[in-house]
Amino acid sequence: MVYFVSTPIGNLKDITLRALDTLREADVIFCEDTRHSIKLLNAYDIKKPLLSCHKFNERKAAEKIAEEAVQGRNVAVISDAGMPVISDPGNVVCAYLKERGVPYTVIPGANAFLSALVLSAFPADKFAFLGFLPEKEGERKRFLSKYKDCDMTLCFHVAPQDVDRYVSDMFSVFGERAACAVREITKVHEEAVSFSLSEGLQGEKRGEYVLIVEGAKEGENSLCSLSEEEHITYYMSHGMTKKDAVKQAARDRGVTKSEMYKFSLKLGGNCSGEEGEHE
């Protein structure tokens, strides 16, 4: 049998008794980083063969995991923290096992984004977990645009070096929203900092973040009741450049940038390059 086992996301005590039993009874453990996982296993005096299963070798690891299971061995699959598969390696393994009829199950436990959702105090009756965003700015903004009108709380994983530019992109696409940055979950310096997308997250960025953003509100596009000039001015007054304000207002109204651009001509600010970007 193959077991996908959730491990602690910070505090090593956040592991279930069932997870410990499963790891102790496993014949082999596949993990994202053997150097990282050995710390957890040593803390509970678990001595088992460790093999790697990360994003660069997952297909080959899946074949080995299936082979081990077919031979009657118990196989545990873990990631560096939290639930395997969720923004971590494991999805390829699941698909491979399912395709070949190899049985597997899950040993639930700690999860970063659900913990962050609770700490944010944002609505949790419905939410969308969107994981890590695309690296390229254009792809990232196109991805975010798909969820602009989603009325669910949005949850993202963000590396510290990406926080500022990702928040800026969210403001560019979503407009003003409340947000909460959660880090160091279950650790000594755990914090959940509330802020608005327009002001951004202040201070030094350290540690991995879960970023929680409020969903679209009913009637949020009431900005469309303003004149075109007032619509553009609204976004400029909240920190957008004239160029980005034109783009956002065009998205709100479902028109092209060229249609909205003409209404910006009497407004202050620089919209350089816009003439050459009309659609």
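Quick notes
- Count of residues meeting criterion [open to solvent by 40 Å² or more (accessible area, probe 1.4 Å) and more than 17 Å from Val163 (Cβ to Cβ)] in segment 126-135: 3
- If you check Ala95, Ala26, Ala66 for being small (Gly, Ala, Ser), at pLDDT 95 or above and touching a strand residue (DSSP E or B) at 6+ places or on another chain (Cβ under 7 Å), only one passes: Ala26.
- Which numbered condition Leu51 fails, given (1) of a type in the set (A, V, I, L, M); (2) farther than 22 Å from Leu97 by Cβ; (3) open to solvent by 50 Å² or more (accessible area, probe 1.4 Å): (2)
- Of note, Gly138 satisfies the criterion of being in a helix (DSSP H, G or I) and not hydrophobic (A, V, I, L, M, F, W, C).
- Taking the criterion of being over 28 Å from the mean Cα position of the chain (by Cα) and in a strand (DSSP E or B), the only residue of segment 14-49 that qualifies is Val28.
- Test result for Asn42, of a type outside the set (Asp, Glu), open to solvent by 60 Å² or more (accessible area, probe 1.4 Å), closer than 30 Å to Glu184 by Cα and in contact with a helix residue (DSSP H, G or I) (Cβ under 9 Å, 6 or more places away or on another chain): no
- Pick from segment 197-215, criterion closer than 23 Å to Gly10 by Cα and open to solvent by 50 Å² or more (accessible area, probe 1.4 Å), ranking: nearest to the chain's Cα centre (by Cα): Glu208
- Count of segment 14-28 residues which are in contact with a Leu (Cβ under 9 Å, 6 or more places away or on another chain) and open to solvent by 60 Å² or more (accessible area, probe 1.4 Å): 0
- Residue within segment 149-162 that is free of Cβ contacts under 8 Å to residues at least 12 places away in the same chain and either open to solvent by 30 Å² or more (accessible area, probe 1.4 Å) or on the phi > 0 side of the Ramachandran plot (or both) present: no
Conditions tested, residue by residue: (1) outside any loop (DSSP other than H, G, I, E, B); (2) among the hydroxyl-bearing types (Ser, Thr, Tyr); (3) within 30 Å of Leu265 (Cβ to Cβ); (4) at pLDDT below 95.
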residue	(1), (2), (3), (4)
Asp149	no, no, yes, yes
Leu154	yes, no, no, no
His157	yes, no, no, no
Asp162	yes, no, no, no
Val173	yes, no, yes, yes
Val182	yes, no, no, no
Leu201	no, no, no, no
Gly207	no, no, no, yes
Ile232	yes, no, yes, yes
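- Restricting Val246, Val255 to residues that are at pLDDT 85 or above and either open to solvent by 40 Å² or more (accessible area, probe 1.4 Å) or over 29 Å from Gly10 (Cβ atoms) (or both) narrows the list to Val246.
- Residue count for segment 179-189 under the criterion of being open to solvent by 10 Å² or more (accessible area, probe 1.4 Å) and in contact (Cβ under 8 Å) with a residue 40 or more places away in the chain: the result is 4.
The values are calculated or read from the model by the stated rules, or taken from the named source; none is laboratory data. This is a predicted model, so every value here is computed, not measured. Cβ coordinates were reconstructed from backbone atoms using ideal geometry, including for glycine residues, and neighbour counts include every protein chain displayed. The accessibility values were calculated without ligands, DNA or RNA, using every heavy atom of the protein model including side chains. Shrake-Rupley method; radii C 1.70, N 1.55, O 1.52, S 1.80 Å.
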